[in-house]
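Everything on this sheet refers to the single structure shown next.
The values are calculated or read from the model by the stated rules, or taken from the named source; none is laboratory data. Predicted model only: the values in this text are computed from it and were never measured. Note: ideal-geometry Cβ built from the backbone for every residue, glycine included; neighbour counts use all protein chains shown.
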Ligand SMILES: NC(=O)CC[C@H](N)C(=O)O
């Protein structure tokens, strides 16, 4: 399986995302923000960082990058897409996921290892987890507070689209402790913490994040 990893100006975590893909046993394919070309990949990762310097609002400029037009079209056709942190912000800005990520409620950048509870084990990125399992991955963001209107939150919960929730202290104030959500079909996942930094115990707090990249290998690619 070939998994595209996008680099925007200001992206930080593309190298770790590519390493997570290869550690899981797939091929990582570099994609460039300025190219309207997905190079025939089967899935895409929109990594974390500070795309275009986070000017205007996190992800607000990146959503207009030529590569994102291709990602939106492919995702609407069923291609699996994983947006991590800044990538989650970009997917919300691009309209692939509902709601928005806003300034942390404490107004400080939060950088810590964070426990998450797995709530969804049927999406393209979560089949390798047990429902209710708790995983430890790094969280590092200034605008990580997930918000949406009440009707949207109720719909996400009702449709089983809340994929991960913060366990214990919710340091960014995300509504209903939401750390990650999926699209209607469970092919697109956006999450604020960083599974690509937790793929082996030598360099991360755990290898709990690897399950997301392994889950993709079980996913039937139709796009
Ligand atoms: N780690 C990240 O991707 C950070 C995302 C974004 N720049 C923020 O601070 O919220």
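Things to note:
- Residue count for segment 142-169, restricted to those that are over 13 Å from the mean Cα position of the chain (by Cα), closer than 22 Å to residue 204 by Cβ and either surrounded by 18 or more Cβ atoms within 10 Å (Cβ to Cβ) or at pLDDT 95 or above (or both): 4
- Residue in segment 101-117 that is touching a helix residue (DSSP H, G or I) at 6+ places or on another chain (Cβ under 9 Å), in a loop (DSSP other than H, G, I, E, B) and crowded, with 18+ Cβ neighbours inside 10 Å present: no
- Single residue of 48, 83, 59, 53 found to be within 16 Å of the ligand (Cβ to nearest atom), in contact with a helix residue (DSSP H, G or I) (Cβ under 6 Å, 6 or more places away or on another chain) and free of Cβ contacts under 8 Å to residues at least 60 places away in the same chain: 59
- Only one of 122, 152 that is away from the ligand (no atom under 15 Å from the Cβ), under 27 Å from residue 1 (Cα atoms) and touching a residue at least 12 places away in the same chain (Cβ under 8 Å): 122
- Scanning segment 158-213 for residues that are in a helix (DSSP H, G or I) and either in contact with a helix residue (DSSP H, G or I) (Cβ under 7 Å, 6 or more places away or on another chain) or closer than 18 Å to residue 103 by Cβ (or both) yields a count of 9.
- Residue within segment 26-45 that is in contact (Cβ under 8 Å) with a residue 40 or more places away in the chain and under 21 Å from residue 100 (Cα atoms) present: yes
- Residue 213, sole failed condition from (1) within 23 Å of residue 5 (Cα to Cα); (2) in contact with a strand residue (DSSP E or B) (Cβ under 7 Å, 6 or more places away or on another chain); (3) in contact (Cβ under 8 Å) with a residue 60 or more places away in the chain: (2)
- Count of residues meeting criterion [in contact with a helix residue (DSSP H, G or I) (Cβ under 8 Å, 6 or more places away or on another chain), more than 16 Å from the ligand (Cβ to nearest atom) and not in a loop (DSSP other than H, G, I, E, B)] in segment 128-149: 1
- Per-region count, segment 27-61, residues on the phi > 0 side of the Ramachandran plot and either surrounded by 20 or more Cβ atoms within 10 Å (Cβ to Cβ) or not in a loop (DSSP other than H, G, I, E, B) (or both): 5
- In the set (1) part of a helix (DSSP H, G or I); (2) touching a strand residue (DSSP E or B) at 6+ places or on another chain (Cβ under 9 Å); (3) within 15 Å of the ligand (Cβ to nearest atom), residue 68 fails one condition alone, (3).
- Among residues of segment 8-21 that are more than 13 Å from residue 84 (Cα to Cα), those with a beta-carbon under 8 Å from a residue that is in a loop (DSSP other than H, G, I, E, B) at least six positions away or on a different chain give the pairs 8/33; 8/65; 9/33; 10/50; 19/199.
- Test: residue in segment 2-10 that is within 18 Å of residue 79 (Cα to Cα) and within 16 Å of the ligand (Cβ to nearest atom): yes
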